1. What are the residues in the stretch 177-212 that are touching a helix residue (DSSP H, G or I) at 6+ places or on another chain (Cβ under 7 Å) and among the basic types (Lys, Arg), if any?
2. Do we find that LEU201 is in contact (Cβ under 8 Å) with a residue 24 or more places away in the chain, hydrophobic (A, V, I, L, M, F, W, C) and outside any loop (DSSP other than H, G, I, E, B) in this structure?
3. Just to verify a result, which residue in the stretch 304-342, among those that are touching an Asp or Glu at 6+ places or on another chain (Cβ under 8 Å) and closer than 20 Å to LYS86 by Cα, is surrounded by the fewest Cβ atoms within 10 Å (Cβ to Cβ)?
4. Could you please let me know if GLU251 is open to solvent by less than 10 Å² (accessible area, probe 1.4 Å) and under 20 Å from TYR105 (Cβ atoms)?
5. Filter the stretch 430-462 down to the residues that are farther than 30 Å from PRO570 by Cα, open to solvent by 20 Å² or more (accessible area, probe 1.4 Å) and part of a helix (DSSP H, G or I) and list them by number.
6. Mind listing whichever residues of the stretch 188-238 are open to solvent by less than 10 Å² (accessible area, probe 1.4 Å), among the polar types (S, T, N, Q) and closer than 22 Å to GLN270 by Cα?
7. When residues of the stretch 289-317 are filtered for being out of contact with any Phe, Trp or Tyr (no Cβ under 7 Å at 6 or more places or on another chain) and not in a loop (DSSP other than H, G, I, E, B), how many remain?
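The values are calculated or read from the model by the stated rules, or taken from the named source; none is laboratory data. All values reported here derive from a predicted model rather than from experimental measurement. A quick note on method: Cβ atoms are made from the backbone with ideal geometry, for glycine too, and the neighbour counts reach across all protein chains shown. Accessible surface is based on the protein model in full, side chains and every heavy atom, while ligands, DNA and RNA are left aside. Shrake-Rupley method; radii C 1.70, N 1.55, O 1.52, S 1.80 Å.
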Amino acid sequence: MARAELDVGELLLKLIARETGEISKVDYHPQKPSFNHDSVIGETHLERATPESQGVCSAFFAELIKKLGDDKDSNIHKIMFLRHGKIIADCAYGPYDMDMWHVSYSMCKSIVGMAIGILIDEGELTLDEKLSDIFSTKMSPFGFLRKNVTVKHLLNMSSGVEFSEAGALSGNDWRKGFLEASFKFDPGTSFEYNSMNTYMLSAIITEKTGLSCFDYCRQKIFEPMGIYRIFWESCPQSITKGGWGLFIRMEDMAKLGQLYLQHGMWDGRQIVPESWVKESTSWQIQTEREGNNHYGYQLWINDDREGSYAFNGMLGQNVFVYPDIDMVVVTNGGNKEVFQTSKMALTIRDYMKNKIEVSDRALTENSAAYRALLSVCQIEEGRNTVFVPLAGGWRNKRPSMTLGSTYRKTYHFLNRKEAVRKNDKVLVKKCLDLIDGRTYNLEDMGAGIFPILMQVVHNNFTDGIHKLGFRRDEHGDFYIDIYEGIEKYPLKCAFNGSRHTDRINMHGEIYEISISSICTTDEYGRFVIRNEIAFLEEACTRIINIYMQRCENGLFTAPEKIEIRMSETPGTAMLFEAIGNMAPDAFSGLQGKLASALFKGGIKEAIIHAVRNTIQPVITGVLSVPDYPVIDEKDISANVNGPVDEESSDYKDRED
């Protein structure tokens, strides 16, 4: 087993054991800045137009946007459509913001491919140049003696080098790890997707220019295109990660797709050589992957339409390019699937392949259909409005008016049948009063406010939540104070379908979050405060459910113990995949004994169960300051068992 895979297994065991702090072998230092919400000097924006003016019906986009929003499995965050270089439809599904940058994951590989094309055009590099020549001074005497890996092999994912994504968890010198790694197959003979191929392309740019890949792209691509609010993480040796780590705004993602549609030309300036655009979007290697059979240079060749291709990042970060109809479709999401096989992606690709109708000429403006499109977008964004649905599908184009409704996706992760009714606000108030001003020490301190996927990707691991506090402020707002390490995160609960936006500082990196809360009861009659924390710049969401036990004597009291159940979405599939790379004989000491015990008899279900418990932990909190006011159950039974007449004197007395 490769050393990097052993390190992944070791990290997985530490996560299962609920270890916290600096558990990675990669040195951490804060990188990501807080997002600047203000447009900056030099930033440019794409022109907007109605769909009809660009030859497409508004109703088509209204139907697709609504379909994606109604399907909870899509978990889409944002979508944007361009035709002829103009934005003709876009939607940020609440609580996400169209203007805010979003993690791109592997989508940024395609930008590294653009930069390599520019470097080749400048005469600083060739496709056939060998890594053994480029990094000759940095290689050990035994590095790459058996095989020759070229720039082209990196571009089309055929290097065969065994040092893969796992290498990003194995130590600080990723370049050395790649150059000294063994091979799975002869370079150029097979396709294997490997993000470290892209990392090495980034390292080549630094070796040739003296600039980081991020700075080189800033000079050659981003700033000439008016892209300024952007950030790219680097490795511990200050080499841009290349294959991941980029935060970019949706409109700027769309610009990059449009740049390729325009053969590398932008505002009269050739940014990427036209010949490189043609070569990189042509079939370079067969992938043997269903739905994505071919790969170009750092991008996927699709069969949706003639000449179509995609810049793809895991979990729903996509730039779909359709040259035959001069369109670009851009998405951000929190899908469960890694590549373009998510329900969200397949729905979009199906609509673009089989359902869209386009005209080379402008269509007659349809104000009713356009208003319906805007209405759909407003509802998905979380704003109430009069909704104008299109009866019989988008081709019918006959609008009929109906009243709008509140934003349904606020309770995306809830079973609304279990939710406490609005009329039960007496119960809600009194139960919240019971824990107001109280704190609970957690018996298990391995969980964090950061989802595990974010911890691993950003090498920013939790110090462990050790205490929860509950309080109302002077305005009557209810807060849950999360004590993690030496930090205190005051989370303002946003009840009644609202959301609260805030920032958290995780070891020097600022992340924006949106919180939605609801009070409910479970099947055992326990009172539950359910909190959904969406990381607005990420694909991840953290769910924290807090359960208050009902006493056996029929009274609700400030509980001596509370139960906290946490979950996250997405990300479990990647940890389960890591299990397949583990072998118990590869570990020593206590970890080896644990691994052997888990693998004994060839049963991996124990590990899967442990991973699931790591991602979805159940934690007990013990009251740190005993204080037990009592509420008689009969005082609230009317509210639990039936609706309350808010006009009755009894209700008003209890409200007072």
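1. Across the stretch 177-212, the qualifying residue is only LYS208.
2. Here the answer is yes, as LEU201 does meet what is asked.
3. ASP324
4. No, not satisfied.
5. Of everything in the stretch 430-462, those that are farther than 30 Å from PRO570 by Cα, open to solvent by 20 Å² or more (accessible area, probe 1.4 Å) and part of a helix (DSSP H, G or I) turn out to be LYS430, ASP433.
6. SER202
7. 3
A quick yes/no check of all residues on (1) buried (at least 17 other Cβ atoms within 10 Å of the Cβ); (2) in contact with a Gly (Cβ under 6 Å, 6 or more places away or on another chain); (3) on the phi > 0 side of the Ramachandran plot:
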{"position": "THR44", "(1), (2), (3)": "no, yes, no"}
{"position": "THR50", "(1), (2), (3)": "yes, no, no"}
{"position": "LYS66", "(1), (2), (3)": "yes, no, no"}
{"position": "ASP71", "(1), (2), (3)": "no, no, no"}
{"position": "SER74", "(1), (2), (3)": "yes, no, no"}
{"position": "HIS77", "(1), (2), (3)": "yes, yes, no"}
